[in-house]
1. Quick one: F86, F26, fewest Cβ neighbours within 10 Å first, how do they rank?
2. If packing is taken as the mean number of other Cβ atoms within 10 Å per residue, what is the order of 38-51, 213-226, 184-197, highest first?
3. What residues have an amide H closer than 5 Å to that of V83, excluding those fewer than 5 places away on the same chain, when H is modeled at 1.01 Å from N in the peptide plane?
4. Can you tally the net charge around A236? Count Lys and Arg as +1, Asp and Glu as -1, for every other residue whose Cβ sits under 12 Å from the Cβ of A236.
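Laboratory data are not the source of any read-out in this text; all were calculated from the coordinates shown. Bear in mind that the values here come from a model prediction, so they are computed numbers and not experimental data. Every residue, glycine as well, gets a Cβ built from its backbone with ideal geometry; the counts of neighbours run over all protein chains shown.
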Amino acid sequence: MSVVARRRVVSRAIRLDRSLEALPLFRLSDSADDAVIDYGDAEGGRWRVIPSPGDRLPGTFDQDVYVELLRRFHEGGDPTDGVITFTLHAFLRAMGRRVDGRTYEQLRAALGRLERTTLESQGIYESVAAGARSDLETVAPGARGDMRFTLLTSVAVERRRTLDREQLPLFDTMTTGEPGVARIVLSSVVRDNLAADHVVSLSASSYWALGSPVARRLYRLLEVARADGRLTWRIALDKLAEQLPLAQRYPSHLQRVLQPAHDMLVEQGILRNAAIRQQNREWYVDYMLGSRPV
């Protein structure tokens with residue numbers, strides 16, 4: 001198989017940190033919400049997503065940027081230094097976004113938020129890295145220790161040299177608005193789990209075919225259930241709302257938000273069925289997983 005063919009095969013897969021995917025991270029709206037995401041599990045673990053002062057929480061656009069970054073990290077051979085390099089133009093094209101001044105600024109802002117937003121775990125994020133790390137309080141493989149980290153440890157966007165910009169009109173596939181090249185460093189915390197194969201895997205084509213941020217987030221979470229060996233998964237409706245997370249709390253409101261996402265996931269074959277049911281005054285969602293998308 002040629003190098004080009006191998007890259008095409010790899011580019012269809014997106015490997016994500018299995019521990020991180022089970023936790024809420026992105027608001028499923030892009031409203032100016034600077035509140036902290038605070039999530040706890042049944043074992044007493046706690047997870048917080050803390051925006052930088054004056055900034056908002058990562059939202060729907062940031063979720064897509066994160067997924068595309070991890071796709072490129074895998075396509076690049078999982079570099080041990082965590083460096084991902086790309087032009088903003090090519091990155092937005094890969095996301096299926098219009099390329100203009102507004103989306104360039106959106107992308108720069110999203111990368112900055114992923115660098116500045118603090119992720120804080122108290123006994124809930126599982127790190128499978130062996131041995132102690134100087135930058136974490138986790139001290140053993142598979143530990144769920146206390147730690148603070150960010151998704152990106154470095155973000156730099158360098159503008160093209162003037163000569164390069166002057167020559168852009170010579171190429172049909174480039175635009176004179178090309179703002180430069182980004183150099184991103186992925187967190188060592190996430191890289192450790194990826195290197196240890198503590199992952200879930202998405203189909204890039206299936207992810208981008210989902211037209212709803214809620215459906216995309218549900219796809220990521222359902223793959224955690226699949227990685228746990230489940231063919232069916234039942235979860236309390238209020239718990240699901242916290243884990244996604246969703247701002248709605250009333251069952252009727254949650255059903256209106258989730259139903260279109262369920263329909264998209266069934267259409268893509270990711271789910272065979274999804275049903276929201278009430279049992280003994282409690283509401284549950286029952287999922288039947290479909291075949292793994294390719």
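1. On the way: F86 17, F26 27.
Listing F86, F26 from fewest to most nearby Cβ atoms yields F86, F26.
2. Working: 38-51: 15.3, 213-226: 21.5, 184-197: 19.3.
Order by mean packing, descending: 213-226, 184-197, 38-51.
3. Result for V83 returns L186.
4. Working: positive: R234, K239, R277, R281; negative: D238, E242, E282, D286.
Value of the local net charge: 0.
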